[in-house]
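Student: Take a look at the following structure, please.
The values are calculated or read from the model by the stated rules, or taken from the named source; none is laboratory data. Everything quoted here is computed from the prediction, not taken from an experiment. Note that we place each Cβ from the backbone using ideal geometry, even for glycine, and neighbour counts take in every protein chain shown. Surface areas here come from the heavy atoms of the whole protein model, side chains and all, with no ligands, DNA or RNA. Shrake-Rupley method; radii C 1.70, N 1.55, O 1.52, S 1.80 Å.
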Amino acid sequence: MKLQQKKLGALALVGLLLAQGALAAALKIGVTPGAYADSVQVAAQEAKKQGLDVEVVEFSDWTTPNVALASKDLDANYFQHQAFLDNVIKTQGYHFKPVGLGILANIGLYSSRIKQFSELKTGAKVAIASDPINQGRGLLLLQKAGLVKLRDGVGARGKLSDIVSNPRKLEFVEVEGPQLVRVVNDVDLAQGYPHFIVAAHAFDPGSALIFSGKDDEQYALRFVAREDNARDPRLLKFVQIYQNSPAVKAQIRKSYANNDKLYSLAWQK
């Protein structure tokens, strides 16, 4: 009996140590470069002061952060808006859940070759996001600029095949979203994300010929977790730190070149 009690006691101790180790493990948040990574890094520093260890893991694409989250290599990621999230849940079967709002970033149409859309020549090359949701957002902006017309009702899920009118016979080049900033000088017009432009020190992020609106919350970033850890108190605490820290807000503004027209803080709406 005493031996059995000792074994049970030892097992309980091991369990306690394992639990303590799990609690001590750093919270891992996946991000993409620019304003998202920089602001989360500042939030991680703020969290450290409150006894919460956070490891920020940076990715250069929009696929791997979700793969890593699904495989439990991350506790959450912060790079995607609701429309993008809905699409990957539908197509990949992920069991993900948003746990907090973040930055609502504008997108723009940029060019190093023209100053106004009337200067676009027939057959001009236009770079656009390759993923289905951000491509749809870019097409809506092209339609807003009067350059194309989309099939009725496609909304944010529009694809190049949904273009029903292209009077200038624009030629489209599909590029991974974070890499669009690198091709602006190689095309006549490019969809662009101001925070990537700032991060690359490429050109003036406020120089777009047109910007999207800032009122559509579906394009605001989300902190995204798995359904099985969405209520992790560490994660919820980190989201609160991110949303309430003056240092984080200052970093976001800096990441957008101190230009308020490039973004808004969706959680404050």
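Student: Hey, residue 134 hits all of (1) touching a Leu at 6+ places or on another chain (Cβ under 8 Å); (2) open to solvent by less than 50 Å² (accessible area, probe 1.4 Å) but one; which does it fall short on?
Tutor: It is condition (1) that residue 134 fails.
Student: Can I ask one more? Counting just the residues of segment 87-108 that are touching a residue at least 40 places away in the same chain (Cβ under 8 Å) and out of contact with any Lys or Arg (no Cβ under 9 Å at 6 or more places or on another chain), which one comes out farthest from residue 179 (Cα to Cα)?
Tutor: Filtering first and then ranking leaves 103.
Student: Can you tell me which condition residue 156 does not meet? The list is (1) surrounded by fewer than 14 Cβ atoms within 10 Å (Cβ to Cβ); (2) closer than 20 Å to residue 79 by Cα, and all the others hold.
Tutor: (1)
Table: residues versus (1) in contact with a strand residue (DSSP E or B) (Cβ under 6 Å, 6 or more places away or on another chain); (2) assigned to a loop (DSSP other than H, G, I, E, B).
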{"residue": "100", "(1), (2)": "yes, no"}
{"residue": "103", "(1), (2)": "yes, no"}
{"residue": "109", "(1), (2)": "yes, no"}
{"residue": "114", "(1), (2)": "no, yes"}
{"residue": "146", "(1), (2)": "no, yes"}
{"residue": "156", "(1), (2)": "no, no"}
{"residue": "169", "(1), (2)": "no, yes"}
{"residue": "178", "(1), (2)": "no, no"}
{"residue": "185", "(1), (2)": "no, no"}
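Student: Working only within segment 159-171, note down all residues that are surrounded by fewer than 14 Cβ atoms within 10 Å (Cβ to Cβ) and of a type in the set (S, T, N, Q).
Tutor: 161, 165
Student: Follow-up. Identify, please: which residue in segment 51-89 is under 25 Å from residue 156 (Cβ atoms) and either in a loop (DSSP other than H, G, I, E, B) or in the same structural domain as residue 159 (by the TED database) (or both) and is, among those, nearest to the chain's Cα centre (by Cα)?
Tutor: 62
Student: Out of the residues in segment 137-146 meeting the condition of being open to solvent by 10 Å² or more (accessible area, probe 1.4 Å) and in contact (Cβ under 8 Å) with a residue 12 or more places away in the chain, tell me which one is nearest to residue 71 (Cα to Cα). Before the answer, list the steps.
Tutor: Let us first name the residues in segment 137-146 that are open to solvent by 10 Å² or more (accessible area, probe 1.4 Å), namely 137, 140, 143-146.
Those still in the list that are in contact (Cβ under 8 Å) with a residue 12 or more places away in the chain too: 137, 140, 144-146.
On the way: 137: 29, 140: 34, 144: 39, 145: 41, 146: 43 Å.
Among residues in segment 137-146 that are open to solvent by 10 Å² or more (accessible area, probe 1.4 Å) and in contact (Cβ under 8 Å) with a residue 12 or more places away in the chain, the one nearest to residue 71 (Cα to Cα) is 137.
Student: Taking the stated definitions as given, is residue 249 under 25 Å from residue 52 (Cα atoms) and open to solvent by 50 Å² or more (accessible area, probe 1.4 Å)? Give the steps one after another, and end with the answer.
Tutor: Values: under 25 Å from residue 52 (Cα atoms): yes; open to solvent by 50 Å² or more (accessible area, probe 1.4 Å): yes.
Yes.
Student: Check off (1) touching a His at 6+ places or on another chain (Cβ under 6 Å); (2) more than 24 Å from residue 62 (Cα to Cα) for residue 255 and give me the number that stays unchecked.
Tutor: (2)
Student: Exactly one condition in (1) open to solvent by 50 Å² or more (accessible area, probe 1.4 Å); (2) in a helix (DSSP H, G or I); (3) closer than 19 Å to residue 87 by Cβ is not met by residue 174; state its number.
Tutor: Only one criterion in (1) open to solvent by 50 Å² or more (accessible area, probe 1.4 Å); (2) in a helix (DSSP H, G or I); (3) closer than 19 Å to residue 87 by Cβ is unmet by residue 174, namely (2).
Student: Out of segment 177-210, which residues are surrounded by 14 or more Cβ atoms within 10 Å (Cβ to Cβ) and among the polar types (S, T, N, Q)?
Tutor: Our first condition is that a residue be surrounded by 14 or more Cβ atoms within 10 Å (Cβ to Cβ); within segment 177-210, this holds for 177-184, 187-200, 202-203, 205-210.
Selection gives 179, 191, 207.
Student: Something else: Hey, among 260, 188, which residue is of a type outside the set (S, T, N, Q), farther than 26 Å from residue 87 by Cβ and free of Cβ contacts under 8 Å to residues at least 12 places away in the same chain?
Tutor: Working: 188 fails: free of Cβ contacts under 8 Å to residues at least 12 places away in the same chain.
260 is the lone residue from the list that is of a type outside the set (S, T, N, Q), farther than 26 Å from residue 87 by Cβ and free of Cβ contacts under 8 Å to residues at least 12 places away in the same chain.
Student: Report, by residue number, each residue of segment 80-131 that is open to solvent by 20 Å² or more (accessible area, probe 1.4 Å) and small (Gly, Ala, Ser).
Tutor: Matches in segment 80-131: 93, 111, 112, 118, 123, 130.
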